[in-house]
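Remarks on the structure that follows.
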Amino acid sequence: MSACSDEGITWHLVPPKAPHFGGLWEAAVKVAKKHIFRQLGSSRLSFEDMCIVLTQIEAIMNSRPLLPMTEDPNDMAVLTPAHFLIGSTLHALPDPDVHSIPTSRLHHYQQLQQFGQRFWIHWRQDYVQELLKDTRGWALNDGIVPGRMVILVDEMQPAIRWPLARIEAIKPGKDNITRVVSLRTARGIIVRPISKICLLPSSVAASNPVNELEQFNEEQEAYQSLIC
């Protein structure tokens, strides 16, 4: 505590038995606990094994994109929780996909990898499903504009891989509702339905006067209410 005082660090603690005072970070902890319980079940892990699994889960949750770094349509950099911890994005070494292989056929380290990969699949699905509510194909959405950064929905991506793109052009239908967009990725231009993209909050939206940061907070609160 004296070392923290020397650095000017002060602690603000929530009351006992009141995790809901923690807001979004406690909601994230609850999500992690839910999926850890589902994936680990009755597995018996040593202290070192549990540290490995929890480190993988920590990296997965701290890799999620929050906001684009800039409004430059050519910039694909995003802000993640990892930037507040280490100052940059997280990277993972490519590992073989073992999530669907029977556990009895895996050696010990692969079993630990399997826990992390299964957590990634289920947690990412919940997180993406909440973001997808803004790109329903039957609703008019003024936030789908050229230059907006999005996350591509790709179930085949390995852990900590978030494919990003910028909207290059929109293709509205006769009812003036956009259901298809052209996207610029690091590998070129692709076409996707809006049901396969998740909008990231933007600090500037020329066609929408609503404060995007407030919208982002509302989306996170909705996500919190969904999992509580």
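Annotations
- Filtered residues of region 83-103 (kept if at pLDDT 85 or above, closer than 24 Å to LEU40 by Cβ and of a type in the set (Gly, Ala, Ser)): SER100
- All positions within region 113-131 that are open to solvent by less than 30 Å² (accessible area, probe 1.4 Å) and basic (Lys, Arg): ARG124
- So PRO102, is it out of contact with any strand residue (DSSP E or B) (no Cβ under 7 Å at 6 or more places or on another chain), farther than 22 Å from SER202 by Cα, in contact (Cβ under 8 Å) with a residue 24 or more places away in the chain and not acidic (Asp, Glu): no
- Within region 160-180, the set of residues being more than 19 Å from GLN129 (Cα to Cα) and without any contact (Cβ under 8 Å) to a residue 60 or more places away in the chain comprises ILE167, GLU168, ALA169, ILE170, LYS171, PRO172, GLY173, LYS174, ASP175, ASN176, ILE177, THR178.
- Scanning region 4-27 for residues being under 24 Å from PHE119 (Cα atoms) and open to solvent by less than 30 Å² (accessible area, probe 1.4 Å) gives a total of 3.
- Sub-6 Å Cβ pairs linking a first residue in region 118-134 that is more than 19 Å from ILE197 (Cβ to Cβ) to a second residue that is outside any helix (DSSP H, G or I), at least 6 apart or interchain, are ARG118/HIS99; TRP120/ALA159, ordered by first then second residue.
- Members of region 161-175 found to be among the hydrophobic types (A, V, I, L, M, F, W, C) and open to solvent by 30 Å² or more (accessible area, probe 1.4 Å), listed by number: TRP162, LEU164, ALA169, ILE170
- Residue check for HIS91: open to solvent by 50 Å² or more (accessible area, probe 1.4 Å) and touching a residue at least 24 places away in the same chain (Cβ under 8 Å): yes
- Residue in region 151-158 that is in a strand (DSSP E or B), closer than 18 Å to PRO193 by Cβ and in contact with a Phe, Trp or Tyr (Cβ under 8 Å, 6 or more places away or on another chain) present: yes
- Every condition in (1) in contact with a helix residue (DSSP H, G or I) (Cβ under 8 Å, 6 or more places away or on another chain); (2) open to solvent by 30 Å² or more (accessible area, probe 1.4 Å); (3) farther than 21 Å from LEU66 by Cβ holds for SER104 except the one numbered (1).
- Of everything in region 66-100 that is within 25 Å of GLN110 (Cα to Cα) and among the aliphatic types (A, V, I, L, M), the residue that is nearest to the chain's Cα centre (by Cα) is LEU90.
- Considered as a group, the residues in region 33-70 that are in a loop (DSSP other than H, G, I, E, B) and open to solvent by 70 Å² or more (accessible area, probe 1.4 Å) include one that is modelled with the highest pLDDT, and that residue is MET69.
The values are calculated or read from the model by the stated rules, or taken from the named source; none is laboratory data. Just so it is clear, the model here is predicted, and its values are computed rather than measured. Counting neighbours? That spans all protein chains shown, and the Cβs are built from the backbone with ideal geometry, glycine included. All accessible areas refer to the heavy atoms of the entire protein, side chains included, with ligands and DNA or RNA removed. Shrake-Rupley method; radii C 1.70, N 1.55, O 1.52, S 1.80 Å.
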